[in-house]
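Before any comments, here is the structure.
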């Protein structure tokens, strides 16, 4: 019997004790989710109440679905919902393939030192906060930024890209790719490392070039990982990256850049506070995320016969 493996039929307490090392590793994550994910869940009832500071969460008046009806009467909500879905699916369509391409290119490099250096360079932006990146982008793309100064020197007119509603969504997409693609490619590199090297050796002997090996061995080898990450990304579509948008957007781009998270923030902290309404919006957002996740998983299961829950 392998060390740490409990005998069949052993009590739950004995199995936990035998695997205590694994449970200790899991403990910080379990504590985190217990405090920040499950602990606040009783507050969901605010979505069905008219919150009063005096009465508190439990004592506030129950109003049923009144907050949800109010949601769909607000034109700002419709704009935020539309923007959230458009921005999220733009990021999926345009950015989903970038980490796959980066991982394959890094894997094809024969110089291991160069591949490690490039991986570090691509991964580094992930560790920068959006506060820092927003400042950098303002210095480059703002009215008096480097790009506009270069345009003026060339005889052109200044364009404030950060305040241009038509450009703002694409700015979000490409800055998100620049920041996160290198980090995402780590999972694909791990999947590539698990592919049997004998397949590459056999293909080389048969005369396959690098492109053919990448297309017929590497891509199929990481397709399972790609499918899982795609399902999870679709299931997170209602979260359009609050940190990024909050630090980059401004009133001129609200029509194309205001998303549900920033809308909830404004309703809760910048306007007359209506916590019941903002909680209803958050609950609606979570429900749609669940539907998208379940739907994407069903489609994946029909295609390859495997659910992400298996």
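The values are calculated or read from the model by the stated rules, or taken from the named source; none is laboratory data. Just so you know, these numbers come straight off a predicted model, no measurement behind them. As a convention, Cβ positions derive from the backbone with ideal geometry for all residues, glycine included, and neighbour counts pool all protein chains shown.
So the values come out like this:
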quantity	calculated
The range 49-72 - residue that is outside any loop (DSSP other than H, G, I, E, B) and touching a helix residue (DSSP H, G or I) at 6+ places or on another chain (Cβ under 7 Å) and, of those, farthest from residue 274 (Cα to Cα)	62
Breaking point among (1) modelled with pLDDT under 90; (2) within 32 Å of the chain's Cα centre (by Cα), for residue 31	(1)
Residue pairs meeting the criteria (Cβ under 9 Å; at least 6 apart or on separate chains; first on the phi > 0 side of the Ramachandran plot and surrounded by 16 or more Cβ atoms within 10 Å (Cβ to Cβ), in the range 227-254; second modelled with pLDDT of 90 or more and not in a helix (DSSP H, G or I))	241/259
One residue from 53, 19, 111 being surrounded by 14 or more Cβ atoms within 10 Å (Cβ to Cβ), over 27 Å from the mean Cα position of the chain (by Cα) and either without any contact (Cβ under 8 Å) to a residue 24 or more places away in the chain or within 25 Å of residue 175 (Cα to Cα) (or both)	19
Residue 83, sole failed condition from (1) surrounded by 10 or more Cβ atoms within 10 Å (Cβ to Cβ); (2) modelled with pLDDT under 90	(2)
Filter result for residue 46 (under 30 Å from residue 285 (Cα atoms), surrounded by 13 or more Cβ atoms within 10 Å (Cβ to Cβ) and at pLDDT 85 or above)	yes
Single residue of 189, 215, 219, 171 found to be within 30 Å of residue 289 (Cα to Cα) and out of contact with any helix residue (DSSP H, G or I) (no Cβ under 7 Å at 6 or more places or on another chain)	219
Residues satisfying the stated conditions in the range 121-152, i.e. touching a helix residue (DSSP H, G or I) at 6+ places or on another chain (Cβ under 6 Å), in contact (Cβ under 8 Å) with a residue 12 or more places away in the chain and exposed (fewer than 13 other Cβ atoms within 10 Å of the Cβ)	131
